[in-house]
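Peer 1: Questions regarding the structure given below will be posed in turn.
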Amino acid sequence: MLKQLAKISLFAGVVFTAFSCDDKDDPTPAAETDKVYALGVGVTTSTATTNYVVQTGDLMNGTISLTGNGLLQEGYRDYAFGGGNFYSIGGLGVTDVNTISLNASNQLTTKTGLTFEMANNEFIDVDGTGKTMVGVSMPANPTAGLNAKFYTVDVASNTITNRAEVPMNDIHPSNQDWLFHTGMQVRGNQLFQTFYPVNHTTYATANTDTCYVAIYSYPGFALQKVIKDTRTGPAGAFNTRSGIFETENGDLYTVSNSSYSNGYSQSTKPAGILRIAAGSTEFDQNYFFNTDTAPNGGKIAHAIYIGNNKLFAAITVVPPTLDDRWSDKNLRLAIVDLSAKTITRVANAPVFTGNGGRSFAALVDGDKVYTAIAADGVVNIYQTDIATATATKGAEVQGSFLGGIARLK
């Protein structure tokens, strides 16, 4: 048990210290390229993790350095993007959000003032227009609170414009298990949320035979119903936010792994993908994609939607055992075609170990996807060409891991 909790703490970055970039160095010159990227970079030592947001105009060459280039972030951080802003979101006792954008000189600038009541579990652009973000905060245990809190945020004013609370016990019986959030999507006038039941003290997962989706009204966030399907287990995993995705035509897909490597204490159903068809609020009984048995398959641990009914994913390709719990290892990059039910592994990308319980730091930019892989203590950006599913090794990142990435210009 202590080993398990230590693993959770390691993934979440529970302990932090503060050390800044060298203030004596000259600031990085304003970006001269037509692109500017923001990266959330974590630096981990034997005693602490420190987070920075840095910028670069080139993801493929040289070194992306923290020296004279990093905005120090207080405490644990995760990241989101919307409306031209890179959101640095606090967690583990930190509830503020730093809204980071570019100034007239193409340098990162921070706007403060956005604060949630509890640590935020996910923060998404509602419809891709960059006008409204939706956040959710789920108490980690009954002592922390009994209600899930939903928010809408106006991007232009950087303020919370609507709040709503939903009793946790209404979403899932709290006398059986607590629940952890794994993903959400807004479709029209409804919000769809994936979660998994868990013992909030031991993190044991006694109920892994059902996939759950809670459906709420939007923007009111009134709980309408919870739908269930027993062909696979719960969607998503601890803090990964890879539980549910929406395609261009309004279909929703839930992604389940029930993987020891991502924190589950048992696995009783095959890893798989289910569909909620456009206009429907029930699982499509004619669609099931078993990713365990698919060629090039495995358990989808992390993913982002990249368009045209495809996911860019990190897949656990060696069947994990209980000894692998929380390890997030044996990952391969892949492109998952939801319509064709195929998995194509990305060539020229190594097998790697992920960052455990956090969102997938990957960015689709045109016909390329960018993410980072750490090998032998060195973190590099990898560019994947979507059409050919081929990776090219890019710039070195001066840090221990990449926590988030977005294009600001």
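Values quoted throughout were computed directly from the atomic coordinates according to the rules given, and no laboratory measurement underlies them. The shown structure was predicted, so the numbers you read here are calculated from the model rather than taken from an experiment. Heads up, the Cβs are rebuilt from the backbone with ideal geometry, glycines too, and the neighbour counts pull from every protein chain shown.
Peer 1: Between Thr112 and Thr63, what FRET efficiency follows from the Cβ-Cβ distance if R0 is 22 Å, with the result rounded to 0.05?
Peer 2: E(calc), rounded to 0.05, equals 0.15.
Peer 1: Estimate the FRET efficiency between Ser174 and Ser280 by the formula 1/(1 + (r/R0)^6), using the beta-carbon distance for r and 22 Å for R0, to the nearest 0.05.
Peer 2: 0.20
Peer 1: Take a quick pass over the range 252-353 and tell me how many lysine pairs come in under 20 angstrom between Cα atoms, counting only ones 8 or more apart or on separate chains. Kindly include the intermediate steps, with their values, before the conclusion.
Peer 2: Values: Lys269/Lys299; Lys269/Lys341; Lys299/Lys310; Lys299/Lys329; Lys299/Lys341; Lys310/Lys341.
Close lysine pairs under the 20 Å cut-off: 6.
Peer 1: Right, next: Roughly how many whole Å is it from the C-alpha centroid of the range 207-241 to that of the range 342-391?
Peer 2: Centre-to-centre distance over Cα atoms comes out at 27 Å.
Peer 1: How much of the pair distance distribution for the range 29-180 lies past 18 Å, counting alpha-carbon pairs only, in percent?
Peer 2: 62
Peer 1: Going Cα to Cα from Lys393, which lysines come in below 18 Å? Please leave out same-chain ones fewer than 8 positions away.
Peer 2: Lys368
Peer 1: Calculate how steeply helix 2-12 sits against the longest principal axis of the alpha-carbon atoms of the chain, using the helix alpha-carbon long axis, and give the answer as 0 to 90 degrees to the nearest 10.
Peer 2: Approximately 50 degrees, to the nearest 10.
Peer 1: OK, next. Send over the per residue convex hull volume for the range 225-382, Cα only, as a whole number of Å³.
Peer 2: Residue-normalised Cα hull volume stands at 113 Å³.
Peer 1: Also, I was wondering about something else. Can you compute the FRET efficiency between Val378 and Thr268 using 1/(1 + (r/R0)^6), with r the Cβ-Cβ distance and R0 = 45 Å? Round to the nearest 0.05.
Peer 2: 0.70
Peer 1: On to the next question. Going by a ≥ b ≥ c, the root eigenvalues of the Cα gyration tensor, does the chain fall in the rounded group (a/c under 1.5), the prolate group (a/b larger than b/c) or the oblate group? Kindly include the intermediate steps, with their values, before the conclusion.
Peer 2: On the way: a/c = 1.41, a/b = 1.25, b/c = 1.13.
Since a/c stays below 1.5, the shape of the chain is classed as rounded.
Peer 1: Can I get the semi-axes of the range 122-225's equivalent ellipsoid? Compute them from the C-alpha gyration tensor as square roots of 5 times the eigenvalues, in angstrom, largest first.
Peer 2: Semi-axis lengths for the range 122-225 are 26, 14, 12 Å.
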